[in-house]
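Student: Quick one: this structure, given as C-alpha coordinates, is what I'll be asking you about.
The values are calculated or read from the model by the stated rules, or taken from the named source; none is laboratory data. Please read these numbers as outputs of a predicted model, since none were measured by experiment. Every residue, glycine as well, gets a Cβ built from its backbone with ideal geometry; the counts of neighbours run over all protein chains shown. Heavy atoms of the whole protein, side chains included, go into the accessibility calculation; ligands, DNA and RNA do not. Shrake-Rupley method; radii C 1.70, N 1.55, O 1.52, S 1.80 Å.
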Amino acid sequence: VEAILFASATPVTLAELTARLPHGSTPGVALRALAERYAGRGVELRRTGDAWAFRTAPDLAALMHPERQETRKLSRAAIETLAIIAYHQPVTRAEIEEIRGVAVSRGTLDLLLDLEWVRFGRRRATPGRPVTYLVTDGFLDHFGLESARDLPGLAELRAAGLLDARPGTGAMPQDTADDDTAPDPAQGGLFDD
(Lines give C-alpha, C1' and ligand atoms only; values in the text may rest on other atoms or scores of the structure.)
Protein backbone atom coordinates (compact mmCIF):
# COMPACT_ATOMS: atom_id res chain seq x y z
CA VAL A 1 0.00 0.00 0.00
CA GLU A 2 2.83 2.36 0.90
CA ALA A 3 4.60 1.72 -2.42
CA ILE A 4 1.42 2.28 -4.43
CA LEU A 5 0.74 5.58 -2.65
CA PHE A 6 4.32 6.81 -3.12
CA ALA A 7 4.37 5.87 -6.81
CA SER A 8 0.99 7.40 -7.61
CA ALA A 9 0.89 10.97 -8.93
CA THR A 10 -2.73 11.32 -7.77
CA PRO A 11 -4.59 10.24 -4.62
CA VAL A 12 -5.60 6.56 -4.61
CA THR A 13 -9.02 5.33 -3.50
CA LEU A 14 -9.59 2.34 -1.23
CA ALA A 15 -11.27 0.54 -4.15
CA GLU A 16 -8.19 1.09 -6.36
CA LEU A 17 -5.92 -0.24 -3.61
CA THR A 18 -8.12 -3.29 -3.14
CA ALA A 19 -8.05 -3.99 -6.90
CA ARG A 20 -4.23 -3.79 -7.02
CA LEU A 21 -3.50 -5.91 -3.96
CA PRO A 22 -3.71 -9.70 -3.68
CA HIS A 23 -7.10 -11.21 -2.79
CA GLY A 24 -7.76 -11.12 0.95
CA SER A 25 -5.60 -8.06 1.62
CA THR A 26 -6.92 -5.39 3.95
CA PRO A 27 -5.80 -2.02 2.61
CA GLY A 28 -7.97 -0.18 5.19
CA VAL A 29 -5.90 -1.65 8.04
CA ALA A 30 -2.68 -0.83 6.19
CA LEU A 31 -3.84 2.77 5.64
CA ARG A 32 -4.52 3.23 9.36
CA ALA A 33 -1.11 1.78 10.26
CA LEU A 34 0.62 4.02 7.71
CA ALA A 35 -1.25 7.10 8.98
CA GLU A 36 0.00 6.35 12.52
CA ARG A 37 3.56 5.66 11.34
CA TYR A 38 3.81 8.92 9.36
CA ALA A 39 1.98 11.12 11.92
CA GLY A 40 4.17 14.03 13.01
CA ARG A 41 6.74 13.52 10.26
CA GLY A 42 7.60 15.74 7.32
CA VAL A 43 5.35 13.64 5.11
CA GLU A 44 1.92 12.54 6.31
CA LEU A 45 -0.72 10.22 4.92
CA ARG A 46 -3.82 12.31 4.26
CA ARG A 47 -7.32 11.48 3.17
CA THR A 48 -8.50 13.61 0.27
CA GLY A 49 -12.18 12.97 -0.38
CA ASP A 50 -12.47 9.21 -0.95
CA ALA A 51 -8.78 8.83 -1.76
CA TRP A 52 -5.49 8.72 0.13
CA ALA A 53 -2.15 10.38 -0.64
CA PHE A 54 1.11 11.35 1.00
CA ARG A 55 1.34 15.09 1.53
CA THR A 56 3.83 17.49 3.06
CA ALA A 57 3.14 18.22 6.72
CA PRO A 58 1.31 21.56 7.11
CA ASP A 59 4.09 23.08 9.24
CA LEU A 60 6.62 22.46 6.43
CA ALA A 61 4.44 23.49 3.49
CA ALA A 62 5.91 27.01 3.42
CA LEU A 63 9.35 25.54 2.68
CA MET A 64 8.20 23.72 -0.42
CA HIS A 65 8.52 25.26 -3.84
CA PRO A 66 6.99 23.59 -6.86
CA GLU A 67 9.63 22.10 -9.13
CA ARG A 68 8.84 21.98 -12.78
CA GLN A 69 10.71 19.51 -14.86
CA GLU A 70 11.48 21.03 -18.20
CA THR A 71 11.44 18.52 -21.02
CA ARG A 72 13.86 19.40 -23.77
CA LYS A 73 14.04 17.50 -27.00
CA LEU A 74 17.58 16.94 -28.20
CA SER A 75 18.48 18.09 -31.69
CA ARG A 76 19.63 15.57 -34.25
CA ALA A 77 23.18 16.91 -33.89
CA ALA A 78 23.05 16.42 -30.11
CA ILE A 79 21.73 12.85 -30.47
CA GLU A 80 24.43 12.00 -33.00
CA THR A 81 27.13 13.56 -30.83
CA LEU A 82 25.86 11.72 -27.75
CA ALA A 83 25.82 8.41 -29.63
CA ILE A 84 29.36 8.93 -30.88
CA ILE A 85 30.60 9.73 -27.39
CA ALA A 86 28.78 6.72 -25.92
CA TYR A 87 30.12 4.25 -28.48
CA HIS A 88 33.62 5.67 -28.99
CA GLN A 89 34.53 7.06 -25.56
CA PRO A 90 36.93 8.51 -24.68
CA VAL A 91 36.64 10.63 -27.80
CA THR A 92 37.91 14.11 -28.69
CA ARG A 93 35.95 16.85 -30.42
CA ALA A 94 38.05 16.36 -33.59
CA GLU A 95 37.19 12.65 -33.61
CA ILE A 96 33.49 13.44 -33.18
CA GLU A 97 33.68 15.84 -36.12
CA GLU A 98 35.52 13.27 -38.22
CA ILE A 99 32.87 10.63 -37.54
CA ARG A 100 29.92 12.99 -38.11
CA GLY A 101 31.52 14.67 -41.11
CA VAL A 102 30.55 18.14 -39.87
CA ALA A 103 31.77 20.56 -37.21
CA VAL A 104 30.37 20.11 -33.71
CA SER A 105 28.73 23.22 -32.32
CA ARG A 106 29.98 24.30 -28.91
CA GLY A 107 26.32 24.62 -27.90
CA THR A 108 25.72 20.94 -28.62
CA LEU A 109 28.50 19.84 -26.28
CA ASP A 110 27.44 22.45 -23.69
CA LEU A 111 23.89 21.08 -23.72
CA LEU A 112 25.11 17.51 -23.16
CA LEU A 113 27.41 18.73 -20.37
CA ASP A 114 24.52 20.71 -18.78
CA LEU A 115 22.29 17.62 -18.88
CA GLU A 116 25.13 15.82 -17.10
CA TRP A 117 25.06 13.02 -19.67
CA VAL A 118 28.59 13.82 -20.84
CA ARG A 119 31.66 14.80 -18.84
CA PHE A 120 35.22 15.76 -19.57
CA GLY A 121 37.75 12.93 -19.58
CA ARG A 122 41.52 13.01 -19.51
CA ARG A 123 43.44 15.03 -22.02
CA ARG A 124 45.06 13.07 -24.82
CA ALA A 125 48.85 12.91 -24.86
CA THR A 126 48.93 14.30 -28.40
CA PRO A 127 49.83 17.75 -29.73
CA GLY A 128 47.43 20.33 -28.36
CA ARG A 129 46.42 17.95 -25.54
CA PRO A 130 42.75 17.80 -26.59
CA VAL A 131 40.17 17.02 -23.93
CA THR A 132 38.19 13.80 -24.27
CA TYR A 133 34.50 13.25 -23.59
CA LEU A 134 32.86 10.37 -21.73
CA VAL A 135 29.27 9.51 -20.82
CA THR A 136 28.29 9.88 -17.17
CA ASP A 137 26.51 7.67 -14.67
CA GLY A 138 23.50 9.97 -15.18
CA PHE A 139 23.42 8.95 -18.86
CA LEU A 140 23.66 5.28 -17.93
CA ASP A 141 20.92 5.68 -15.30
CA HIS A 142 18.60 7.53 -17.68
CA PHE A 143 18.85 4.78 -20.27
CA GLY A 144 18.82 1.93 -17.74
CA LEU A 145 22.35 0.74 -18.50
CA GLU A 146 24.82 -0.75 -16.05
CA SER A 147 27.81 0.27 -18.17
CA ALA A 148 28.57 1.53 -21.67
CA ARG A 149 29.16 -2.11 -22.67
CA ASP A 150 25.39 -2.63 -22.32
CA LEU A 151 24.70 -0.32 -25.28
CA PRO A 152 22.98 -2.20 -28.10
CA GLY A 153 25.17 -3.61 -30.85
CA LEU A 154 24.66 -3.28 -34.59
CA ALA A 155 22.49 -6.41 -34.84
CA GLU A 156 20.20 -5.18 -32.04
CA LEU A 157 19.90 -1.72 -33.60
CA ARG A 158 19.04 -3.23 -37.00
CA ALA A 159 16.50 -5.59 -35.41
CA ALA A 160 14.84 -2.64 -33.69
CA GLY A 161 14.63 -0.82 -37.03
CA LEU A 162 16.96 1.96 -35.91
CA LEU A 163 19.55 1.30 -38.61
CA ASP A 164 18.71 1.14 -42.28
CA ALA A 165 20.23 -1.94 -43.89
CA ARG A 166 20.17 -0.24 -47.31
CA PRO A 167 23.14 1.95 -48.27
CA GLY A 168 22.47 5.67 -48.25
CA THR A 169 22.23 7.78 -51.39
CA GLY A 170 25.59 8.27 -53.00
CA ALA A 171 27.10 5.33 -51.11
CA MET A 172 29.70 3.22 -52.86
CA PRO A 173 28.59 -0.30 -53.77
CA GLN A 174 29.87 -2.89 -51.31
CA ASP A 175 31.81 -6.00 -52.28
CA THR A 176 29.41 -8.85 -51.51
CA ALA A 177 32.31 -11.01 -50.32
CA ASP A 178 32.78 -8.78 -47.25
CA ASP A 179 30.65 -9.39 -44.17
CA ASP A 180 29.33 -5.97 -43.16
CA THR A 181 28.12 -7.28 -39.79
CA ALA A 182 31.59 -8.25 -38.57
CA PRO A 183 32.55 -6.14 -35.56
CA ASP A 184 35.36 -3.66 -35.87
CA PRO A 185 38.17 -4.88 -33.58
CA ALA A 186 39.01 -1.25 -32.78
CA GLN A 187 35.61 -0.84 -31.10
CA GLY A 188 36.66 -2.91 -28.12
CA GLY A 189 33.69 -5.26 -28.22
CA LEU A 190 30.95 -2.63 -28.04
CA PHE A 191 29.42 -3.93 -31.25
CA ASP A 192 29.61 -7.61 -30.35
CA ASP A 193 26.34 -9.48 -30.69
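Student: Just checking, which of 94, 86, 61, 103 is hydrophobic (A, V, I, L, M, F, W, C) and either touching a Ser or Thr at 6+ places or on another chain (Cβ under 9 Å) or open to solvent by less than 50 Å² (accessible area, probe 1.4 Å) (or both)?
Tutor: Matching residue, one of 94, 86, 61, 103: 86.
Student: All but one of (1) in a loop (DSSP other than H, G, I, E, B); (2) surrounded by 11 or more Cβ atoms within 10 Å (Cβ to Cβ); (3) not aromatic (Phe, Trp, Tyr) hold for residue 22, so report the exception by its number.
Tutor: Only one criterion in (1) in a loop (DSSP other than H, G, I, E, B); (2) surrounded by 11 or more Cβ atoms within 10 Å (Cβ to Cβ); (3) not aromatic (Phe, Trp, Tyr) is unmet by residue 22, namely (2).
Student: Turning to a different aspect of this structure: Could you list, in sequence order, all residues of region 129-151 that are in contact with a helix residue (DSSP H, G or I) (Cβ under 9 Å, 6 or more places away or on another chain), outside any helix (DSSP H, G or I) and open to solvent by less than 80 Å² (accessible area, probe 1.4 Å)?
Tutor: 130, 131, 132, 133, 134, 135, 144, 145, 147, 151
Student: Same structure, new question: Cβ-Cβ below 7 Å, separation at least six or inter-chain, first residue in region 1-27 and farther than 18 Å from residue 54 by Cβ, second outside any loop (DSSP other than H, G, I, E, B) and open to solvent by less than 70 Å² (accessible area, probe 1.4 Å): which pairs?
Tutor: Qualifying pairs under 7 Å: 18/27.
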